[in-house]
């Protein structure tokens, strides 16, 4: 095989996303007539399987092509967290999934593309190892990882309430994405008896199988994903900040807010929340703590290893943070 | 949780010796064929004529049946209860039970879906029972899978058993410090997860840094394509067979659309 890449990675990611979106729209628009013929969901299931898997494959290939080694070594651990938690959940029989904590974790640390690749690979590996039924759901995980990265980019994961809100929003989207998979490939049934019972209730209330599957997702996914976001944020905050600072995405977009209440930290908060105030805040700090200004203006937290050495103000911050951790 | 993450059963039959990519093509072909043809009994025919003989030929019949039933039996019950009782579209009502109704169409729908899933899952189980995960990854890498993706897949398979071993060690260490695992209600049990899961996750995540340094010093992620230590045998015949299987599956759909099958 030649080592040269003919296509840039973003092209693969765009193509993969386009295939997934086309598949989804096609399925949702076409669905009403396909169920009329009794058991006529075969083609729809085939299209769902093929389109979603090809799309996920392209996204994995595109996202992994330029991934730094530190992120690549994070993926197996994140995926193991997904699989172990998901498997425990299925064994206990909770009507949740709990299989996207690792996906959210990588999305927060390394950005949307890495999150999407983690999610897709997670369900592929789960599928080819212990639970073949989770393979078709890899697209849902792609969307979860992607959204986790996007919400982290927007700063929603700095505070717990907004992180939970991001989880709820992700869950709503995930429900709509996974609806066609549940309905067409699995006939609305589920590995978990609890979740299947919810589908049964919605079908009795008069929804068709696709509608009932989406409705079931809407009852479960927002809760499940907000738990995932919450757990991921708690895990990452418990780690030494050195860990998250090693990931350029988390560092540049300051995904995790500093937790101190010092003058410096407040200045950094303002800096982080409203870019327009940046100049005035920096100017006001400049009088008291000249060395810290550069760190604040760079948008860095200043409490990690990435902070500039030699600056006395930054060193003080490190000590404060260290004491609190 | 299963002890290890693999189903592989050692053997020396011709199915074991096939290139894993060929077996993967078989999985894809039967899945396409099962979902592409609108006929209640067609997937059952595929299962009986292709997959059961494959399992018998590979000498893994007992475990094959056990695994297929283990996955399939609960699913079958749930599917028939769900679609048998609450099928949403209008249809011939057989029995009426208040808000629930058993409809012929619902049973047919449940049956078709169940049989299709049976074909897909059993094909996978044949692949997993007869293929060592390491061989599968080597073969996929030879077929053009990027090394980074192959690393993530095989590392995950190894990390999960390591996770279990580490969880055991952490549990013993916490018990030695006086953590009581035996008593308490659901809430106490849930709270007890923190001293167990905390060190496990934090330890695993802090390992990431060391591992990535070790891997980069061994030229992981260099654009040059690495050579393989184990070469998985492949042949022209198998290469042709892969295309033939996929073409046959597509042909089955084409014939069905034309009304022959």
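The values are calculated or read from the model by the stated rules, or taken from the named source; none is laboratory data. Everything numeric here is computed off the predicted structure, so don't read it as measured data. Note: ideal-geometry Cβ built from the backbone for every residue, glycine included; neighbour counts use all protein chains shown.
Of note:
Residues are listed down the side, and each one gets a yes or a no for (1) part of a helix (DSSP H, G or I); (2) away from chain A (no Cβ under 14 Å):
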{"residue": "B:40", "(1), (2)": "no, no"}
{"residue": "B:46", "(1), (2)": "yes, no"}
{"residue": "B:51", "(1), (2)": "yes, no"}
{"residue": "B:54", "(1), (2)": "yes, yes"}
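- Region B:216-226 - residue that is assigned to a loop (DSSP other than H, G, I, E, B) and facing chain A (nearest Cβ under 7 Å) and, of those, modelled with the highest pLDDT: B:220
- Note on region B:129-140: residues that are facing another protein chain (nearest Cβ under 9 Å) and surrounded by fewer than 24 Cβ atoms within 10 Å (Cβ to Cβ) total 1.
- Across region A:143-160, the number of residues qualifying as part of a helix (DSSP H, G or I) and either in contact with a strand residue (DSSP E or B) (Cβ under 8 Å, 6 or more places away or on another chain) or away from chain B (no Cβ under 14 Å) (or both) comes to 11.
- Residue B:123 vs. criteria in the same structural domain as residue B:23 (by the TED database), touching a helix residue (DSSP H, G or I) at 6+ places or on another chain (Cβ under 6 Å), assigned to a helix (DSSP H, G or I) and free of Cβ contacts under 8 Å to residues at least 40 places away in the same chain: no
- For region B:79-98, the criterion of being within 27 Å of residue B:126 (Cβ to Cβ), surrounded by 15 or more Cβ atoms within 10 Å (Cβ to Cβ) and more than 8 Å from chain A (Cβ to nearest Cβ) is met by at least one residue.
- Within region A:233-249, if we keep just the residues that are part of a helix (DSSP H, G or I) and under 17 Å from the mean Cα position of the chain (by Cα), the residue that is nearest to residue B:210 (Cα to Cα) turns out to be A:244.
- Residues of region A:191-202 satisfying the condition of being within 7 Å of chain B (Cβ to nearest Cβ) and surrounded by 20 or more Cβ atoms within 10 Å (Cβ to Cβ): A:196, A:199, A:200
- Applying the condition of being within 17 Å of residue A:76 (Cβ to Cβ) and surrounded by fewer than 24 Cβ atoms within 10 Å (Cβ to Cβ) to region A:102-127 and asking which residue is nearest to the chain's Cα centre (by Cα) yields A:124.
- Test: residue in region A:42-51 that is at pLDDT below 90, over 30 Å from residue B:189 (Cβ atoms) and away from every other protein chain (no Cβ under 11 Å): yes
- Every residue from region B:210-261 that is in contact with a helix residue (DSSP H, G or I) (Cβ under 7 Å, 6 or more places away or on another chain) and closer than 26 Å to residue B:17 by Cβ: B:226, B:228, B:230, B:232, B:238, B:241, B:242, B:245, B:246, B:248, B:249
- Taking region B:99-115 as the range and being more than 7 Å from every other protein chain (Cβ to nearest Cβ) and either in a helix (DSSP H, G or I) or in contact (Cβ under 8 Å) with a residue 60 or more places away in the chain (or both) as the test, the residues that pass are B:104, B:106, B:107, B:111, B:114, B:115.
- With respect to being within 7 Å of chain B (Cβ to nearest Cβ) and either modelled with pLDDT under 85 or buried (at least 22 other Cβ atoms within 10 Å of the Cβ) (or both), residue A:74 fits the description.
- Scan region A:129-142 for residues that are within 12 Å of another protein chain (Cβ to nearest Cβ), without any contact (Cβ under 8 Å) to a residue 60 or more places away in the chain and buried (at least 24 other Cβ atoms within 10 Å of the Cβ) and the total you get is 1.
- Residue that is nearest to the other protein chains (Cβ to nearest Cβ), among those in region B:191-215 that are more than 18 Å from residue A:240 (Cβ to Cβ) and at pLDDT 85 or above: B:215
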